[in-house]
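The values are calculated or read from the model by the stated rules, or taken from the named source; none is laboratory data. Predicted, not measured: the structure shown is a model, and the values here were computed from it. Here the Cβ positions follow ideal geometry from the backbone for every residue, glycine too, while neighbour counts run over all protein chains shown.
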Amino acid sequence: MAPAFLKEKAIHGAVGVLTYLILSALLVFILAPMVFMLTASFMPARDIISMPYPWVPKGWYGHNFVKAIAGNDRTYLFFRSFWNSMVVAVAITISTIMIASLTGYSLSKFSFRGRDLVFMIIMATMMIPFEAIMIPLQVVSTQLKLTNTYAGLILPFLVDAFGIFLMRQYFITFPDEFIDAARVDGMTEFSIYRKILLPNSGPAIATLAILTFRNQWDNLMWPLLVVQSERMKTLTLYIMKFTGDINSDEGSQMAVSLLASIPMVLMFFSLSKYFISGSAVFSARKG
Amino acid sequence: MPRTVRSTLKKKQDRWGLVFAAPSLFFFAVFSFYPMFSAFFTSFTNKQALSLARPKFIGLENYSYLLQSPDFWNSMRATAVFTLGTFSALVVFSLLLSALVSELRVGKKLFQLAYYSPAVLSSVVAATIWLLIFDPRGLANQAMNAVMNTPGVDHYWFVNPYKEQFSTMLVYFWKHIGYFVIICISGMASVPPSVYEAVRMDGCNRWQSYWHITFPLLRPTVVLVSIMSMILCLRTFSVQYLFTLGGAPERAINVITMNIYFTGIRFFRTGRASAMSIILLIIMVVLTWLQFRVTRSEEVNY
């Protein structure tokens, strides 16, 4: 008994070490580009392109950040672009939460005629990739003079089917007794939503908020289509122009990337739980 | 009497349900279905963005043009290569890694979070970082040379079309692998531990129990991950576009979304771009329909 036990333990030990080795090798591949961004943003360009890459900055070389913020043409549009991205992403996040939760409430706790049809129609929109409808949307935006406006950037993303699905799944598990009790107390349907459903759906809302905010912070295609003026550029467009400029250098490219990632990185470190739950929503099975 | 009062009350309540769904329905009508039908009708016209002439109905001409256009087929091929390459790597590695990570005693959460972390960066930032990595003096060459012991060799990441495609795939893989690992791990977590205890009692080792138990039970998750990553890859744009702007040759990585953008926005061929959008839409609908069908029929009972 004892030798077999020992042998098994040894095999387990070896397998364990191998597991950690494989996982760590991948970890290096995953983390190296990010460490590269972080360290290169504090290096002058000549250090970044020296071979082999030094990995540790020789000092706190801040010039890259000055250049990233000032821009290649010293117009300081970085702040403006940051602000634009913030306005658009926050507005879309808020509207998605409001509309998706309201619709999710409707589709989970009411039984009006045609409810299942409504749900199916909304789910069907998941099949329409934005890239397939962006050209008509751009044509209409131009006709309505929505190009270079916040409205033009925000309107096509006010809510999305996935958000509605997520909120509906969450509300289905919400006990009916609370809602019925509130009805007996004479609360209106809307105040039930506002005072009972919303305050009790923190995790779902946090998950949806993070997903929505990240998607918008990442959005390149739509701003590319409806923004031409420098002052209305979002951060993604700013980075694209800044790094594409002949006068930009490696260090300031990494510095601007780092600066642009700060909001998401802060969210990731403070709310990592909801990033994971957001990914896991899909794999949740019914039954 | 009380019964009718109650049922009218119920009806009144339920009417609110429709009211609460109305904003969403209105939104999707205006911002999803209208543009979809608009793209559909425009695809049968010769509409051009800057032309003042009324667009003319030209039937299937845009479609027949596309089907004969080498540029369009190049895009289809670039998209197919990118999608198949990236999605198969994502599926295989997410299964493998999630199996390994869920075996860990220490650092399970930490590995998951670390793998997920690139997803936090925007695609534009990811592309910017990787453009520097694929620079002739960048980390990609240094790592390759260190592994293959070929100091000072430039591997021309963007010159060879296959390597260029591989580069874009690598960026995508890097950015999204963590997300799919997490999905697989939560899929595995939903397999009840009693199943494992039972097979362990039957004398299965870990590998056997993974191969015979976890993997079959994980099939719905695998299908889900496959289709999700496939759709994600079909919609890729930022990385290819940024690489093109950064000097990579356009041809090998001119994916369908980029082609729609160039045709419709840069060359103002709205009608032709709409036809391409409709083709993309059809591909997407077929794939999503498959997802719904397969995941529904794959519900498992333990």
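Looking at this structure, is B:S117 in contact (Cβ under 8 Å) with a residue 12 or more places away in the chain and in contact with a helix residue (DSSP H, G or I) (Cβ under 6 Å, 6 or more places away or on another chain)? So B:S117 fails the test. Listed conditions (1) under 19 Å from A:N215 (Cβ atoms); (2) surrounded by 17 or more Cβ atoms within 10 Å (Cβ to Cβ) are all met by A:Y150, apart from (2).
With respect to the conditions (1) assigned to a loop (DSSP other than H, G, I, E, B); (2) crowded, with 22+ Cβ neighbours inside 10 Å; (3) of a type outside the set (K, R), B:D154 falls short on a single one, namely (2).
Determine whether A:V256 is within 12 Å of chain B (Cβ to nearest Cβ), surrounded by fewer than 20 Cβ atoms within 10 Å (Cβ to Cβ) and either closer than 30 Å to A:I48 by Cβ or of a type in the set (D, E, K, R) (or both). Against the criterion (within 12 Å of chain B (Cβ to nearest Cβ), surrounded by fewer than 20 Cβ atoms within 10 Å (Cβ to Cβ) and either closer than 30 Å to A:I48 by Cβ or of a type in the set (D, E, K, R) (or both)), A:V256 does not qualify.
Conditions tested, residue by residue: (1) within 12 Å of another protein chain (Cβ to nearest Cβ); (2) farther than 25 Å from B:R272 by Cα.
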{"residue": "A:G114", "(1), (2)": "yes, yes"}
{"residue": "A:I135", "(1), (2)": "yes, no"}
{"residue": "A:S141", "(1), (2)": "yes, no"}
{"residue": "A:F174", "(1), (2)": "no, yes"}
{"residue": "A:E177", "(1), (2)": "no, yes"}
{"residue": "A:A182", "(1), (2)": "yes, yes"}
{"residue": "A:M221", "(1), (2)": "yes, no"}
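Taken over the stretch B:217-273, the criterion of being basic (K, R), closer than 17 Å to B:T79 by Cβ and more than 11 Å from every other protein chain (Cβ to nearest Cβ) is satisfied by B:R251 alone.
Kindly indicate whether any position in the stretch A:209-217 is within 9 Å of chain B (Cβ to nearest Cβ), under 22 Å from A:F275 (Cα atoms) and of a type in the set (D, E, K, R).
Yes.
Residues in the stretch B:204-226 that are small (G, A, S) and without any contact (Cβ under 8 Å) to a residue 60 or more places away in the chain: B:S209 alone.
Pairing each residue of the stretch A:18-31 that is polar (S, T, N, Q) with any residue that is assigned to a helix (DSSP H, G or I), provided the two are 6+ apart or on different chains, yields C-beta distances under 8 Å for A:T19/B:L100; A:T19/B:E103. All of (1) surrounded by 14 or more Cβ atoms within 10 Å (Cβ to Cβ); (2) aliphatic (A, V, I, L, M); (3) within 30 Å of the chain's Cα centre (by Cα) hold for B:I58 with one exception: (3). Helices (runs of 4 or more DSSP H) fully within the stretch B:1-87 that include at least 3 residues being touching a residue at least 12 places away in the same chain (Cβ under 8 Å): B:34-42, B:61-68. Among residues of the stretch B:201-244 being among the aromatic types (F, W, Y) and outside any loop (DSSP other than H, G, I, E, B), the one that is farthest from the chain's Cα centre (by Cα) is B:W207. Considering only residues of the stretch B:69-92 that are small (G, A, S) and surrounded by fewer than 22 Cβ atoms within 10 Å (Cβ to Cβ), which is farthest from B:R272 (Cα to Cα)? My answer is B:A89. When A:R231 is tested against (1) over 21 Å from the mean Cα position of the chain (by Cα); (2) touching a residue at least 12 places away in the same chain (Cβ under 8 Å); (3) not in a helix (DSSP H, G or I), only condition (3) is not met. Would you say B:Y172 is away from chain A (no Cβ under 12 Å), among the hydroxyl-bearing types (S, T, Y), closer than 23 Å to B:L113 by Cα and crowded, with 21+ Cβ neighbours inside 10 Å? Taking the combined requirement at face value, the residue satisfies it. Would you say A:M232 is out of contact with any strand residue (DSSP E or B) (no Cβ under 7 Å at 6 or more places or on another chain), at negative phi and within 11 Å of chain B (Cβ to nearest Cβ)? In short, no. Scanning the stretch A:63-90 for residues that are away from every other protein chain (no Cβ under 14 Å) and within 14 Å of the chain's Cα centre (by Cα) gives a single hit, A:V90.
Figure legend. Inter-residue proximity from the stretch A:177-201: first residues at negative phi, second residues crowded, with 16+ Cβ neighbours inside 10 Å and outside any helix (DSSP H, G or I), beta-carbon distance below 8 Å, spacing 6+ or different chains. Indicated pairs: A:K195/A:M187; A:I196/A:M187; A:L197/A:F174; A:N200/A:F174; A:S201/A:F174. Taken over the stretch B:256-282, the criterion of being of a type outside the set (K, R) and in contact with a Leu (Cβ under 8 Å, 6 or more places away or on another chain) is satisfied by B:I256, B:T257, B:I260, B:Y261, B:I265, B:F268, B:A275, B:M276, B:I279, B:L280.
Of the residues making up the stretch A:138-154, at least one is under 17 Å from the mean Cα position of the chain (by Cα) and at pLDDT 95 or above. Figure legend. Inter-residue proximity from the stretch A:94-115: first residues crowded, with 22+ Cβ neighbours inside 10 Å, second residues acidic (D, E), beta-carbon distance below 7 Å, spacing 6+ or different chains. Indicated pairs: A:T96/A:D160.
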